[in-house]
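Remarks on the structure that follows.
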Amino acid sequence: MKTFRYIDGAAVLRLDVEACIGCGICVTVCPHRIFELPNSRAEIVDYNACMECGACATNCPTEAIFVNSDDGCGCAALIIDRWISKVIGKPVSSCSC
């Protein structure tokens, strides 16, 4: 999935490093490996891979992560549809955000 991107710089993703306790849950739940814990605190290492699914923010115990809150839209649907289109060789539905 590393090659499947939405639009570079479009994600609404913020990390409050001071609020981070270094639990690593964001690293575990992120399907695109956006986060790492290099110094016992989360760090965004691949911002443009974010599809705004919200798994990191939903699971962060200190609410140190904010992701676009537009009803969970995020455009994950668009990324998945593009992937399916490539696999089956024809277009499928597009993002309705």
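Specify the residue that is surrounded by the fewest Cβ atoms within 10 Å (Cβ to Cβ); the eligible residues are those in the stretch 42-63 that are part of a loop (DSSP other than H, G, I, E, B) and in contact with a strand residue (DSSP E or B) (Cβ under 6 Å, 6 or more places away or on another chain). Talk me through it step by step, then tell me what you get.
Looking only at the stretch 42-63, we keep the residues that are part of a loop (DSSP other than H, G, I, E, B), and these are 42, 45-46, 50-54, 60-63.
Checking which are in contact with a strand residue (DSSP E or B) (Cβ under 6 Å, 6 or more places away or on another chain) leaves us with 42, 45, 50, 52, 54.
Working: A42: 28, V45: 12, C50: 24, E52: 23, G54: 19.
For the stretch 42-63, the residue satisfying everything is V45.
Taking the stretch 10-41, which residues are assigned to a loop (DSSP other than H, G, I, E, B) and among the polar types (S, T, N, Q)? It would help to see each step written out before you state the result.
Taking the stretch 10-41 as the starting set, the residues that turn out to be assigned to a loop (DSSP other than H, G, I, E, B) are 10-12, 16-24, 30-34, 37-41.
Within the stretch 10-41, N39, S40 qualify.
Is it the case that the stretch 65-75 has a residue that's at pLDDT 85 or above and part of a loop (DSSP other than H, G, I, E, B)? Explain how you work it out, then say what you get.
Residues of the stretch 65-75 that are at pLDDT 85 or above, as a first pass: 65-67.
Those left that are additionally part of a loop (DSSP other than H, G, I, E, B): none.
Looking through the stretch 65-75, none of the residues is at pLDDT 85 or above and part of a loop (DSSP other than H, G, I, E, B).
The values are calculated or read from the model by the stated rules, or taken from the named source; none is laboratory data. None of these values were measured; they are calculated from a predicted model. Neighbour counts run over all protein chains shown; Cβ positions are idealised from the backbone, glycine included.
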